[in-house]
């Protein structure tokens, strides 16, 4: 076991993905997190790793081969190529996409090998909107799904849980894992809102809690305590994965929920306490959304402080 509780996984390639001028999913998001962590002294308490490139074998656990090949072929030598209206690749995107997907694989290995108890992956592009054969919502490969499938297929776990508190519904994760008994997904999201999914007869292993615009932290707490925890207690996961989107923050004008940093700290503590009791504290958290730079940095700090047991 490392001297540290928590690993921090990132890679310089994640700065090189450029979906175009004025795109909200920009490299400055990575700077916002790193700058905040430096100012707060967090890196002194984290075991740092560089994200590897995900292999085709790792990606193929959740994406078909022809889709993986399409993503490889789509990487431009110059300029920008759009795979959908808001999901675009630049010359630097290919490796960033593979590093983002590979981060959760490495994180899973570190936790399962007992090197750390939990992991935060500060990577981009995000992943939870990527369906098995469709890029959308800034996402190309589904980073959290690749990691969760690695835990099941490589490490032989029989039950893994995914918790998604991004403001947008993780439609790709739901599409991949609906009615698959090895997986439980618990989520909150603003509704009605992009991508308009998550409320149409979800599978029994999908614990989706849509929240109306303007919902605050008390709505998150109610959803987590009344919907997520009973399902998690029944499921008894052997590992927990977090799609850590911070775009439900009140200062993030990409959406309309009204969470604050203390809400992210609270929900992280709830998840961590549950993981400590049920699955040896095994958590892999991967960055999803968060587009107000100051709010993103502060929220990620609150999240990681809890994971690393550093206090407020």
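Tabulated results
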quantity	calculated
Whole-angstrom gap from segment 189-212 to segment 276-295, using each part's C-alpha centre	20
Where only C-alpha atoms are counted, convex hull volume of segment 6-307 per residue in Å³	110
Cα Rg, Dmax, segment 265-309, angstrom units	11.5, 34
Spherically averaged projected area in nm², based on the convex hull that wraps the Cα atoms of segment 162-312	7.9
Diffusion coefficient, µm² s⁻¹, Stokes-Einstein with Kirkwood Rh over alpha-carbon pairs of segment 33-89 at 10 °C and 1.306 mPa s	108
Kirkwood hydrodynamic radius of segment 1-121, from inverse mean 1/r over distinct Cα pairs, in Å	15.7
Hull volume in cubic angstrom per residue (convex hull over the Cα atoms of segment 65-170)	111
Normalised contact order of the chain, rounded percent, pairs of Cα under 8 Å and 6 or more residues apart	20
Distance between segment 167-186 and segment 26-61 - C-alpha centres, whole angstrom	24
Most to least packed among 18-25, 188-195 [average Cβ atoms within 10 Å]	188-195, 18-25
Expected 222 nm ellipticity per residue - DSSP helices of 4 or more, -39500 (n - 2.57), all of the chain, to 500	-11000 deg cm²/dmol
Order by protection proxy (mean Cβ within 10 Å, highest first), peptides 219-229, 168-178, 103-113	168-178, 103-113, 219-229
Relative contact order (%) - segment 82-190, alpha-carbon pairs under 8 angstrom, separation at least six	24
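The numbers here are math on the coordinates, done by the rules we state, and not lab data. Since we're looking at a predicted model, the values are computed, not measured. Backbone-built Cβ (ideal geometry, glycine too); neighbour counts: all protein chains shown.
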